[in-house]
């Protein structure tokens, strides 16, 4: 697993434009909202958590079509499945690599982006605390979606349609945590829901993605 994760990181460094494109999309998409709804600090601060979460969700989906597609095209997916790891563990390593090269940079870029959008200072820690499990969940769900549409015609179109509905609860509870903190309430219930979803997704998503990988390889 360690060797496979190192391979994923080396490939990500070799194709660093994917990570850069996701980050630029995140920042540019968030920057459009002040132009659309006006620069009033009260309005921007109220919508800032939702803007950050929606932009992070859409940016995390951008590199997913390359998660398994390149390996399927050059035949290395079969070699990876014969690598000695079960298919679910292979999917788990892929999800971890996606989070390290996409989710973690988005998490780091979220703080200055939220400040740019005039988020309430008391809501910023809750927003970042919610983004940590949220980005992990998005990587796990995205891995399942990428494995399910692997080899399908127009898979790049089907992938967002599959992942976005599954990620809706992540968006609801993540934004709810920041809004609760901004209102003087405790964000703990929302964060616990996110943690519970992550605990359920950790075993279930790799199993589903592994089954889809075996089916695509056959």
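The set of residues in region 28-46 that are within 19 Å of residue 57 (Cβ to Cβ), in contact (Cβ under 8 Å) with a residue 40 or more places away in the chain and surrounded by fewer than 17 Cβ atoms within 10 Å (Cβ to Cβ) contains only 31.
I'd like to know if region 177-185 contains one or more residues that are within 22 Å of residue 27 (Cα to Cα) and outside any helix (DSSP H, G or I). Working first, answer last.
Start the filter on region 177-185 by keeping residues that are within 22 Å of residue 27 (Cα to Cα), which leaves 177-179.
Then keep just the ones that are outside any helix (DSSP H, G or I); that gives none.
No, every residue in region 177-185 fails to be within 22 Å of residue 27 (Cα to Cα) and outside any helix (DSSP H, G or I).
Which one of 189, 165 is in a helix (DSSP H, G or I), surrounded by fewer than 21 Cβ atoms within 10 Å (Cβ to Cβ) and under 15 Å from the mean Cα position of the chain (by Cα)?
Numbers: 189 fails: under 15 Å from the mean Cα position of the chain (by Cα).
Residue meeting the stated conditions: 165.
Within region 194-213, is there a residue that is over 22 Å from residue 100 (Cα atoms) and either modelled with pLDDT of 95 or more or surrounded by fewer than 20 Cβ atoms within 10 Å (Cβ to Cβ) (or both)?
Taking region 194-213 as the starting set, the residues that turn out to be over 22 Å from residue 100 (Cα atoms) are 211-212.
Still in the list and also either modelled with pLDDT of 95 or more or surrounded by fewer than 20 Cβ atoms within 10 Å (Cβ to Cβ) (or both): 211.
Checking region 194-213: at least one residue is over 22 Å from residue 100 (Cα atoms) and either modelled with pLDDT of 95 or more or surrounded by fewer than 20 Cβ atoms within 10 Å (Cβ to Cβ) (or both).
Here residue 172 meets each of (1) under 14 Å from residue 54 (Cβ atoms); (2) touching a residue at least 60 places away in the same chain (Cβ under 8 Å) with one exception, condition (2). None of 192, 185 is more than 22 Å from residue 51 (Cβ to Cβ) and free of Cβ contacts under 8 Å to residues at least 12 places away in the same chain except 192. Among the conditions (1) modelled with pLDDT of 85 or more; (2) more than 21 Å from residue 170 (Cα to Cα); (3) part of a helix (DSSP H, G or I), residue 97 misses just one, which is (2).
Which one of these is at pLDDT 90 or above, crowded, with 24+ Cβ neighbours inside 10 Å and part of a helix (DSSP H, G or I): 131, 108?
Working: 108 fails: crowded, with 24+ Cβ neighbours inside 10 Å.
When all the criteria are applied, what remains is 131.
With the structure loaded, tell me whether residue 133 is within 11 Å of the chain's Cα centre (by Cα), in contact (Cβ under 8 Å) with a residue 12 or more places away in the chain and within 19 Å of residue 17 (Cβ to Cβ) or whether it fails that test. Let's see the steps before the verdict.
Working: within 11 Å of the chain's Cα centre (by Cα): yes; in contact (Cβ under 8 Å) with a residue 12 or more places away in the chain: yes; within 19 Å of residue 17 (Cβ to Cβ): no.
Considered against the rule, which asks whether it is within 11 Å of the chain's Cα centre (by Cα), in contact (Cβ under 8 Å) with a residue 12 or more places away in the chain and within 19 Å of residue 17 (Cβ to Cβ), residue 133 comes out as no.
Within region 77-95, take every residue that is in contact with a helix residue (DSSP H, G or I) (Cβ under 9 Å, 6 or more places away or on another chain) and over 25 Å from residue 138 (Cα atoms) and give me the one that is surrounded by the fewest Cβ atoms within 10 Å (Cβ to Cβ). Working first, answer last.
Looking only at region 77-95, we keep the residues that are in contact with a helix residue (DSSP H, G or I) (Cβ under 9 Å, 6 or more places away or on another chain), and these are 77-81, 83, 85-95.
If we keep only those that are over 25 Å from residue 138 (Cα atoms) as well, we get 78-79, 83.
On the way: 78: 12, 79: 10, 83: 16.
Taking the candidates together, the pick is 79.
Checked against (1) at pLDDT below 90; (2) buried (at least 19 other Cβ atoms within 10 Å of the Cβ); (3) more than 15 Å from the chain's Cα centre (by Cα), residue 176 passes all but condition (1).
Somewhere in region 142-150, is a residue touching a helix residue (DSSP H, G or I) at 6+ places or on another chain (Cβ under 9 Å), surrounded by fewer than 23 Cβ atoms within 10 Å (Cβ to Cβ) and assigned to a helix (DSSP H, G or I)?
yes
The listed residues are 119, 61, and the only one of them that is in a loop (DSSP other than H, G, I, E, B) and surrounded by 21 or more Cβ atoms within 10 Å (Cβ to Cβ) turns out to be 119.
The values are calculated or read from the model by the stated rules, or taken from the named source; none is laboratory data. This one's a predicted model, so the numbers in the text were calculated from it and none came from an experiment. Virtual Cβ from ideal backbone geometry, glycine too; neighbours counted across all protein chains shown.
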